[in-house]
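The values are calculated or read from the model by the stated rules, or taken from the named source; none is laboratory data. Keep in mind the model is a prediction, meaning the values are calculated, not measured. Cβ coordinates were reconstructed from backbone atoms using ideal geometry, including for glycine residues, and neighbour counts include every protein chain displayed.
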Amino acid sequence: MSRGYPESRTRDLVAQLRRQLGENDPNPPRQPLPEVAFPPVRVFPSPRRRSALAEAAAAHTTALVGIGAVGTRYATDVVLQFQAELAVAHGAVAAELPGDWAESKGYFPLISRVTSHREFLLRPDLGRRLSEASAAKWAAECKKDVDVQPILADGLSAVATQGAGPELMGGFIAECERRGWKVGTPCCAKFARVWLEDEIGQLARAKVAVILLGERPGLGTGDGLSAYLVFNPKLGNTDGNRNMMSNIHARGIPPADAAKRLAVLAQLMLEQGTSGVALDLAPRAAELGEAAKGGYRKPEPRTRLVEV
Amino acid sequence: MKLSATIRGNSYTFRSVKEVLARANPPKSGDDLAGVSARDPVERVAARAVLSQLTLGELRANPVVPYEQDELTRLVEDNLDEGAFNAVKHLSVGQFREWLLEPTTTGQKLRSVAPGLTPEMAAAACKLMSNMDLMVVGAKCEVVVRCNNTLGLPGTLSSRLQPNHPTDDVQGILYSAREGLVYGCGDAVIGVNPATDTPESTAEILRALGDLRARNGIPTQQCVLSHVIVQMKALALDCPMDLMFQSFAGSESANRAFGISVALMDEAYDLMRRKKSSTGPNFMYFETGQGNALSSDAHHGADQVTMEARCYGFARRYKPFLVNTVVGFIGPEYLEDGPQITRAGLEDHFMGKLMGLPMGCDACFTYHAKMSQDELESLKVLLGAAGCTYLMSMPVGDDIMLNYQSSSFHDIPSVRSLVKKSPAPEFDAWLAARGISSGHTPGERLGDVSVLR
């Protein structure tokens with residue numbers, strides 16, 4: 001009697017199927033492909049080359065409309081422009097103020113309790129306090145009992161600080177001196193957040209502290225500065241105690257104009273003995289101009305970054 | 001209640017349920033900033049082991065902010081559906097996770113249990129789940145809402161059209177809105193974050209968007225996201241307000257920093273019910289985001305995931321049409337990088353849906369966070385697969401007013417065709433009639449604004 005399996009028909013069928021699959025390509029035969037035609041040109045809407053819609057929209061907005069689509073995605077040219085804008089923003093965030101920059105510009109160098117760029121991004125609390133060494137040196141050497149303490153700082157864009165920073169700082173100090181105020185020792189703080197002005201101003205026993213620092217970059221920009229002013233700077237002040245002005249750069253509020261308006265804000269604080277939500281801007285609204293209406297961004301013309 | 005666990009002979013003991021919840025959280029820079037995160041990865045697992053043994057009943061008895069100190073805790077406790085709670089109170093969090101994942105736990109069952117869950121329960125389940133767990137359960141949840149159109153039906157993915165402008169130039173807003181519509185965007189809402197927070201500008205923008213909708217017969221709703229008090233004043237100015245908006249945080253003190261309370265929101269809801277221009281039973285819109293309680297130092301020592309879930313406990317009182325987490329907007333001190341932002345987006349979607357909310361997500365990053373464009377695109381597809389109710393949309397994902405990166409007009413039809421999801425049915429029919437798209441398939445007139453009047 002045979003101990004083998006009964007003769008299997010299934011095994012033969014599978015073997016036959018395998019042979020067939022192994023011999024036959026699962027795809028249909030390739031078609032001959034004629035030369036691919038050039039697709040219609042789709043480009044980032046620069047002033048020289050843009051659709052009628054993009055042209056009309058550009059008078060009202062910097063939003064990228066009328067850029068068309070390839071399937072549901074962007075044209076190559078739009079992708080490159082977009083990546084360039086993103087790279088500029090990321091570059092501005094990643095930049096650090098060189099260690100000797102403050103002194104080379106004649107500012108008293110200060111540093112917060114932050115010790116690395118990553119820590120600066122993750123620990124806003126440390127960026128609001130001076131390092132022990134900085135605090136001691138500043139307390140010992142800075143001018144005291146001043147009307148206004150000007151502070152330049154890196155904030156979220158050291159690129160902006162090194163760009164328009166000195167012009168804004170110089171312009172503001174000149175405006176203060178023109179008004180006969182006692183101006184504090186000009187200083188520059190690294191790894192600084194807005195609230196650092198409280199400790200710096202408190203140690204100088206300043207009536208008003210003003211910090212000028214790089215603002216969080218948007219797409220394609222990284223050169224904007226913001227200014228925050230506070231009356232009676234001291235640890236424990238909050239945002240409600242401060243007045244601010246944003247969008248300070250060549251295409252927004254030019255540094256020279258900003259310097260004048262900041263001096264007017266400081267003057268209001270000295271006159272009224274307060275700042276922030278309690279400050280009444282109405283008495284000098286005309287001098288403040290746009291600053292009185294609040295600090296929102298004006299649309300800026302979007303510039304083409306990639307030329308090939 | 002046992003608050004200790006042993007791993008490889010090392011014993012880990014925790015002081016409170018709040019501490020267990022915090023230490024069980026996956027790494028978040030905001031929890032480090034608050035000083036509540038696990039000291040090392042093994043302690044994190046020990047906390048999860050302890051959490052897996054706690055029952056839902058014990059979580060209800062131990063809210064992270066005490067009943068006496070916080071009106072949101074009182075709101076949740078006093079309004080909890082006892083029948084739904086009794087059905088699951090005996091389950092441990094570990095068993096609850098498994099029950100959620102079981103195929104027999106259908107969307108219908110999840111909808112029935114939602115009113116019996118406290119935020120702490122949703123947050124606890126979240127901490128025991130991987131990203132894909134969160135997606136699997138999130139995709140099962142069925143939350144359908146109706147305003148002028150119907151959102152959240154199975155197989156749909158909607159989008160908010162966000163045509164923001166840095167100076168509220170109405171023509172500029174309309175250029176972006178029209179562009180978005182012809183990419184199939186805007187079925188959740190055409191919603192503008194205003195640069196100027198006044199009743200007059202709110203009313204002016206609403207009228208312009210209302211005109212655009214009426215002229216083209218677009219089945220959606222418009223909203224201007226000013227402060228709720230400003231919108232209440234705008235309602236007196238005769239403007240078409242379909243949805244009323246407000247940002248929420250997870251504690252009474254954090255909401256005080258936002259200038260709101262339960263009493264104020266009750267008043268706003270009642271006023272809106274009488275004065276709204278929309279038709280359906282759902283007409284409120286809320287935004288949240290991990291870290292917003294800590295940013296006003298109002299987190300009560302709790303982690304940011306649990307505080308986020310507490311926003312949803314507040315939101316569900318008003319049967320909202322839209323809720324979304326603005327997940328990466330708050331900055332790297334709360335969510336440091338791509339993996340943390342991705343995780344948070346999936347967590348928030350899961351927790352909101354589990355608690356019965358029509359949950360959308362603003363998948364986004366600020367330019368000082370460590371996230372790439374590719375990582376952000378991945379998150380949008382994950383959210384689409386996880387059944388997210390809606391995503392944002394704006395020109396190339398660049399918000400020219402708020403300066404951050406979100407999803408684009410082009411992303412919405414792309415994600416829809418990848419995950420085979422359609423717009424809301426009323427909006428889908430409107431798009432199909434104009435050749436813009438049909439279901440998840442782009443049409444010949446996609447991107448062509450000449451189809452609009």
Original post:
more than 9 Å from chain A (Cβ to nearest Cβ) and under 16 Å from the mean Cα position of the chain (by Cα), is that true of B:Leu391?
Top reply: yes
Original post:
Given the structure, is B:Val381 in contact (Cβ under 8 Å) with a residue 40 or more places away in the chain, over 20 Å from A:Val88 (Cα atoms) and among the β-branched types (Val, Ile, Thr)?
Top reply: no
**OP:** Any chance you could count how many residues in region B:409-424 are more than 8 Å from chain A (Cβ to nearest Cβ) and of a type in the set (S, T, N, Q)?
**Re:** 1
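From the list A:Gly155, A:Gly180, exactly one residue is free of Cβ contacts under 8 Å to residues at least 12 places away in the same chain, among the small types (Gly, Ala, Ser) and on the phi > 0 side of the Ramachandran plot. Which is it?
That would be A:Gly180, the only listed residue that is free of Cβ contacts under 8 Å to residues at least 12 places away in the same chain, among the small types (Gly, Ala, Ser) and on the phi > 0 side of the Ramachandran plot.
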**OP:** Tell me which residues, restricted to region A:63-89, are at the interface with chain B (Cβ under 7 Å from one of its Cβ atoms) and within 17 Å of the chain's Cα centre (by Cα).
**Re:** A:Phe82, A:Leu86, A:Ala89
**OP:** Please work out if A:Ala84 is within 13 Å of A:Gly222 (Cβ to Cβ) and touching an Asp or Glu at 6+ places or on another chain (Cβ under 8 Å).
**Re:** no
Original post:
Considering only strands (runs of 3 or more DSSP E) fully contained in region B:304-423, which possess at least 1 residues that are farther than 23 Å from B:Leu181 by Cβ and assigned by TED's automatic domain parsing to the domain that holds B:Met265?
Top reply: B:322-325, B:359-361
**OP:** Could you check region B:1-99 for helices (runs of 4 or more DSSP H) lying wholly inside it with 1 or more residues that are touching a helix residue (DSSP H, G or I) at 6+ places or on another chain (Cβ under 8 Å) and under 23 Å from B:Ala114 (Cα atoms)?
**Re:** B:17-23, B:41-53, B:56-61, B:71-79, B:82-88
Original post:
Which is assigned by TED's automatic domain parsing to the domain that holds B:Pro395, over 27 Å from B:Gly313 (Cβ atoms) and assigned to a helix (DSSP H, G or I), of B:Leu235, B:Leu271, B:Leu209?
Top reply: B:Leu209
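Conditions (1) surrounded by fewer than 23 Cβ atoms within 10 Å (Cβ to Cβ); (2) over 14 Å from B:Phe248 (Cβ atoms); (3) of a type in the set (A, V, I, L, M), marked per residue:
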{"residue": "B:Ala315", "(1), (2), (3)": "no, no, yes"}
{"residue": "B:Glu336", "(1), (2), (3)": "yes, yes, no"}
{"residue": "B:Gln340", "(1), (2), (3)": "no, yes, no"}
{"residue": "B:Leu346", "(1), (2), (3)": "no, yes, yes"}
{"residue": "B:Cys361", "(1), (2), (3)": "no, yes, no"}
{"residue": "B:Phe365", "(1), (2), (3)": "no, yes, no"}
{"residue": "B:Gln373", "(1), (2), (3)": "yes, yes, no"}
{"residue": "B:Ala386", "(1), (2), (3)": "no, yes, yes"}
{"residue": "B:Met392", "(1), (2), (3)": "no, yes, yes"}
Original post:
Hey, any hits in region B:317-329 for a residue that's farther than 17 Å from B:Leu157 by Cβ, within 14 Å of chain A (Cβ to nearest Cβ) and not polar (S, T, N, Q)?
Top reply: yes
**OP:** Run down B:Leu264, B:Leu243 and say which single residue is under 29 Å from B:Ala309 (Cβ atoms), within 19 Å of the chain's Cα centre (by Cα) and of a type outside the set (Phe, Trp, Tyr).
**Re:** B:Leu243
Original post:
If a residue has to be touching a residue at least 40 places away in the same chain (Cβ under 8 Å), among the small types (Gly, Ala, Ser) and more than 14 Å from chain A (Cβ to nearest Cβ) to count, how many in region B:1-46 make the cut?
Top reply: 6
**OP:** Would you check which residues across region B:424-453 are in a loop (DSSP other than H, G, I, E, B), more than 16 Å from B:Leu391 (Cβ to Cβ) and not β-branched (Val, Ile, Thr) and list them?
**Re:** B:Arg434, B:Gly435, B:Gly439, B:Gly443, B:Glu444, B:Arg445, B:Leu446, B:Gly447, B:Asp448, B:Leu452, B:Arg453
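Are any of the residues in region B:149-159 out of contact with any strand residue (DSSP E or B) (no Cβ under 8 Å at 6 or more places or on another chain) and either surrounded by 24 or more Cβ atoms within 10 Å (Cβ to Cβ) or not assigned by TED's automatic domain parsing to the domain that holds B:Phe409 (or both)? Let's see the steps before the verdict.
Quick first cut of region B:149-159, residues out of contact with any strand residue (DSSP E or B) (no Cβ under 8 Å at 6 or more places or on another chain) only: B:149-150, B:153-154.
If we keep only those that are either surrounded by 24 or more Cβ atoms within 10 Å (Cβ to Cβ) or not assigned by TED's automatic domain parsing to the domain that holds B:Phe409 (or both) as well, we get B:149.
Yes, because at least one residue in region B:149-159 is out of contact with any strand residue (DSSP E or B) (no Cβ under 8 Å at 6 or more places or on another chain) and either surrounded by 24 or more Cβ atoms within 10 Å (Cβ to Cβ) or not assigned by TED's automatic domain parsing to the domain that holds B:Phe409 (or both).
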Original post:
Can you tell which of B:Arg213, B:Arg178 is over 22 Å from the mean Cα position of the chain (by Cα), within 27 Å of B:Ser417 (Cβ to Cβ), among the basic types (Lys, Arg) and within 12 Å of chain A (Cβ to nearest Cβ)?
Top reply: B:Arg178
Subject >> Residues within region A:91-113 that are within 23 Å of B:Pro332 (Cβ to Cβ), out of contact with any strand residue (DSSP E or B) (no Cβ under 8 Å at 6 or more places or on another chain) and in contact (Cβ under 8 Å) with a residue 24 or more places away in the chain, tallied >> reply: 3
